[in-house]
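Worksheet: one structure, shown below.
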Ligand code: PMP
Ligand code: GLU
């Protein structure tokens, strides 16, 4: 066999999906393990959305649609962007794909030439790095300290820019940190991007999941020039508990969406037609069920953060959005726990899974080897038990 694609062979598999698969495998083998790895709401998809999907199937909405999505769904996306974020987009600016992950990939495909640099503030969701490599780009990391709430400053951004910089990845609120860039912070970062004519890949998939009464500003709302450079990435997976339906959307300048359209027309074609119909229901119906889920996440976050910060040896910040907590294990580095010397988050994750029977995601793949990510998109019962296990595990 000839050699395979060098780019493809250098791609690392997703640690989030790998940890979740490992948890499910252990569970299926009868092990009493608790999983906090998957960033996936534990709630079922709300009934009105499920019925919209069923109705679509019964009514034969089971054929090809335009590759970039149905007009009905594009209009529903425009409606939601206007309602929630006061953004004006036309259907031409919208592309619907098979999940926000796919949106990110095709959007990067549309703007990156080989050797272009993409700035990734880390910690960042594991897939950004790999996707940039997959499209032939070069990831450039900006390390964001816990002391600055894991946020990138305009000075850090400015320092990372070269004449090859094409784009920054801006995930707000962030997976894995849960931190939120407020309006003034966004304005300062956007100013730098406009000055250097850099695209902003604004992954806003968690924008509805904010706590403590915080409000969300889309970076695209900060003026015409910023809007032109911004590629909004969003989807229904997180806010409507629809991870398996695989619907994500892009809102961007029509020059960008028309290139993406060509790309999709030769690769996936349209995302699932019944899933598109279900997404229309999610985006256009009253948003009460999404709000109920948000409230449940807030309650779980409060409990998890408070308890975690009472356990000696570890700590965490209080996230303002999404559904993740970053557990800092710096104080445990160099210690031996249950017979294993802890040198990084992978060591801790490994021994905690084997001996503590709790599955987390080590943040090494997210760019920070002294943190592990807990997802609180799971029941309060699991959260209590998981933290009980952590306490017992660290007591030795
Ligand atoms: N962006 C971020 C930051 C995420 O955490 C996820 C979750 N997988 C996605 C995009 C992709 O979401 P999906 O493909 O399920 O729509
Ligand atoms: N975004 C989620 C996570 O970070 C889902 C898994 C994935 O696609 O990475 O866990």
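The values are calculated or read from the model by the stated rules, or taken from the named source; none is laboratory data. Since this is a predicted model, take the numbers as computed values, not measurements. Methodologically, a virtual Cβ is constructed for each residue, glycine included, from the backbone with ideal geometry; neighbour enumeration extends over all protein chains shown.
Odds and ends about this structure:
Yes/no per residue for (1) within 29 Å of residue 296 (Cα to Cα); (2) within 14 Å of ligand 1 (Cβ to nearest atom); (3) in contact with a strand residue (DSSP E or B) (Cβ under 7 Å, 6 or more places away or on another chain):
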position	(1), (2), (3)
117	no, no, yes
129	no, yes, yes
139	no, no, yes
173	yes, yes, yes
183	yes, no, no
205	yes, yes, yes
208	yes, yes, no
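- Filter result for residue 238 (surrounded by fewer than 22 Cβ atoms within 10 Å (Cβ to Cβ), within 15 Å of ligand 1 (Cβ to nearest atom) and under 18 Å from residue 85 (Cβ atoms)): no
- Qualifying position, being farther than 20 Å from residue 70 by Cβ, within 14 Å of ligand 2 (Cβ to nearest atom) and in contact (Cβ under 8 Å) with a residue 40 or more places away in the chain, among 214, 208, 238: 238
- Evaluation of residue 49 against (1) away from ligand 2 (no atom under 16 Å from the Cβ); (2) closer than 21 Å to residue 390 by Cβ; (3) touching a residue at least 40 places away in the same chain (Cβ under 8 Å) (one fails), failing number: (2)
- Within this structure, residue 392 passes the test of being surrounded by fewer than 16 Cβ atoms within 10 Å (Cβ to Cβ) and farther than 25 Å from residue 42 by Cα.
- Number of positions in the range 4-22 that are in contact with a strand residue (DSSP E or B) (Cβ under 9 Å, 6 or more places away or on another chain) and either more than 16 Å from ligand 1 (Cβ to nearest atom) or at pLDDT 95 or above (or both): 1
- Qualifying residues in the range 219-235 (those that are within 15 Å of ligand 1 (Cβ to nearest atom) and over 14 Å from the mean Cα position of the chain (by Cα)) - the one farthest from residue 279 (Cα to Cα): 219
- The range 139-173 - residue that is crowded, with 24+ Cβ neighbours inside 10 Å and within 20 Å of residue 362 (Cα to Cα) and, of those, farthest from ligand 2 (Cβ to nearest atom): 173
- Selection within the range 241-266 - more than 16 Å from ligand 1 (Cβ to nearest atom) and out of contact with any helix residue (DSSP H, G or I) (no Cβ under 7 Å at 6 or more places or on another chain): 255, 258, 261, 262, 265, 266
- Answer residue from the range 356-384, given it is buried (at least 16 other Cβ atoms within 10 Å of the Cβ) and part of a helix (DSSP H, G or I) and is nearest to ligand 1 (Cβ to nearest atom) among those: 366
- Residues that are in contact (Cβ under 8 Å) with a residue 24 or more places away in the chain and more than 21 Å from the chain's Cα centre (by Cα) within the range 333-348 comprise 333, 337, 338, 344, 348, listed in sequence order.
- The range 20-36 - residue that is crowded, with 19+ Cβ neighbours inside 10 Å and either closer than 30 Å to residue 277 by Cα or within 16 Å of the chain's Cα centre (by Cα) (or both) and, of those, farthest from ligand 2 (Cβ to nearest atom): 36
- Summed over the range 99-115, the residues that are free of Cβ contacts under 8 Å to residues at least 40 places away in the same chain and either within 16 Å of ligand 1 (Cβ to nearest atom) or within 17 Å of residue 161 (Cβ to Cβ) (or both) give a count of 1.
- Filter pass, residue 353 being farther than 18 Å from residue 12 by Cα, part of a loop (DSSP other than H, G, I, E, B) and over 16 Å from the mean Cα position of the chain (by Cα): no
- Applying the set (1) in a helix (DSSP H, G or I); (2) surrounded by fewer than 18 Cβ atoms within 10 Å (Cβ to Cβ) to residue 348 leaves exactly one unmet item: (2).
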